[in-house]
Each structure stands twice: as C-alpha cells, then as structure tokens.
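Notes follow the structure.
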Amino acid sequence: MRGGEWQLSVCNNLLAAGFGTMALMSWNWRYLLGAALFGWPVQWLIRLLGRHDPQFRQVYFRATAKPPRILPKLRRFAF
C-alpha cells in the first residue's frame, strides 16, 4: 500500500486521517501539522523500509522478542 508494508501503511494512513479529521472538527492547526507529519515523512520512511526488506516488521519483532544470546567460543589448548 503506497509502496510500503500494508500493515504499517494502514496504521499510518489511519493516524493521518484521524489527525486530519480532528483538525477539521476542532479548527486547530496543530492537528493539521500532525496529519502532514504522518501523511508524508512517516510514509516515506515506511517505503524506504519496504525497499530494504519487504517483511521488515515481522523480522524486527521476531528479533526483538528474544534476548540476544551469543555463545562463547570454546578454545582448545594444545599442551
């Protein structure tokens, strides 16, 4: 959706639409800035992540779900 992962794009577009709706309902320009921020730059970042790795969200959450575990290398000494 719009060049990025569809789950992230849908969340981003809903957030931008919510900010736009709040700007129209309350006549507050600060919400309009929020809509502009989430409408373009955040979607641009989502598109960049989608080009780098089409399943970035799944890979990221799978990697952060488990703590990093590095096993020490066993060294064998010859005496």
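Candidates L32, L49, L45: the one that is of a type outside the set (S, T, Y), over 13 Å from G3 (Cα atoms) and not in a loop (DSSP other than H, G, I, E, B) is L32.
The set of residues from region 1-40 being of a type outside the set (D, E, K, R), in contact (Cβ under 8 Å) with a residue 40 or more places away in the chain and farther than 20 Å from F61 by Cβ comprises just one member, G3. I want to confirm something. Restricting to region 26-66 and keeping residues that are small (G, A, S) and exposed (fewer than 12 other Cβ atoms within 10 Å of the Cβ), which single residue is nearest to A16 (Cα to Cα)? So the residue we want is S26.
Here, each number is a calculation from the coordinates, and none is a lab measurement. Keep in mind that what you see is a predicted model, and the values were worked out from it rather than measured. Cβ coordinates were reconstructed from backbone atoms using ideal geometry, including for glycine residues, and neighbour counts include every protein chain displayed.
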